[in-house]
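To start, the structure under review is shown below, and the notes come after it.
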Amino acid sequence: MSGRPPGRSIIVATRNRHKLGELAEILSGLELEPLPESVEMPPEDGDTFAENALGKARAAHEQTGHAALADDSGIAVVALGGRPGVRSARYAGESATDAENLGLLLTELRDAEDRSVAYVCAIAYVGEDGAETVREGRCEGVLAEVPRGEGGFGYDPAFIPADFADDRTMAELSPDEKHSISHRGRAARAIAASIGGSR
């Protein structure tokens, strides 16, 4: 696909300030802009992370005329057949908090022998010319029985990544450590490489 014209910003199609902050840290070589309040986002009703990410990036591009980037991500639990998956942000209900979603998941896995999980992230980029690119990243791990740590968001306090030898959760890692192995970090770096960005 064609690269981003120099000096033009990329709209990040999210109103989740945590995601915007993480993407800004990971993609420090790109000029990212928050989503304008006037932009209407489509419902996240796709069957895959890629479908949801593309829907959001297309909407932001169509309504602003700028290049746009969007992600959709979640946690897939082996013992639950891959749930909550694309429903991760709304697992305990449409208006559920992170704590409520995590609490429900921990309750459901209370007696599970297999606590294997994976974070999955799809990032979609729609260029000013309408060309589309999607990249996906994964991070494997296990779910802790009790949340730990003050960093991160979502399911981070119970997600123990397999990439480190210790048993720290994502919420106990430094931002640089997390970005180096996270699903979002891996997907974002793949997108940056595709569109000519750094890192």
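All of the numbers you see were taken from the coordinates with simple rules; none came from a lab. As the structure is a prediction and not an experimental result, all values here were calculated from the model. For neighbour counting, all protein chains shown are included, and Cβ atoms are generated from backbone atoms with ideal geometry for every residue, glycine included.
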Simple spin-label estimate for E37 and R87 in nanometres, 7 Å along Cα-Cβ: 3.4 nm
Virtual spin-label span in nm between A190 and E128, 7 Å along Cα→Cβ: 2.7 nm
Lys/Arg +1, Asp/Glu -1 at C-beta; the chain dipole; positive extreme among G85, G151, I26: I26
GNM flexibility winner over the chain from Y91, Y125, Y155 (Cα, springs under 10 Å): Y91
Degrees separating the helix 49-64 axis from the principal Cα axis of the chain, which is the longest one: 30 degrees
Hypothetical label at F153: residues of the stretch 79-111 whose amide nitrogen lies under 11 Å (7 Å Cα-Cβ projection): 98
Contour minus Cα-Cα distance for R138 and D114 (0.36 nm per residue): 6.8 nm
Over the chain: helical MRE at 222 nm, DSSP H runs n ≥ 4 each giving -39500 (n - 2.57), nearest 500: -9000 deg cm²/dmol
For the chain: relative contact order, % (alpha-carbon pairs under 8 angstrom, 6 or more apart): 22 percent
For the stretch 10-195, size of Cβ-based charge dipole, Lys and Arg +1, Asp and Glu -1, in debye: 80 debye
Alpha-carbon centroid distance for the pair the stretch 43-61 / the stretch 123-169, whole angstrom: 18 Å
M170, M41 arranged by Cβ crowding within 10 Å, fewest neighbours leading: M41, M170
Hull shadow area, averaged, the stretch 10-195 [alpha-carbon convex hull, nm²]: 10.0 nm²
Ranked packing of 69-75, 94-100, 81-87, 157-163, most packed first, by mean Cβ within 10 Å: 69-75, 157-163, 81-87, 94-100
Principal-axis tilt of helix 98-108 within the chain, Cα atoms, nearest 10 degrees: 40 degrees
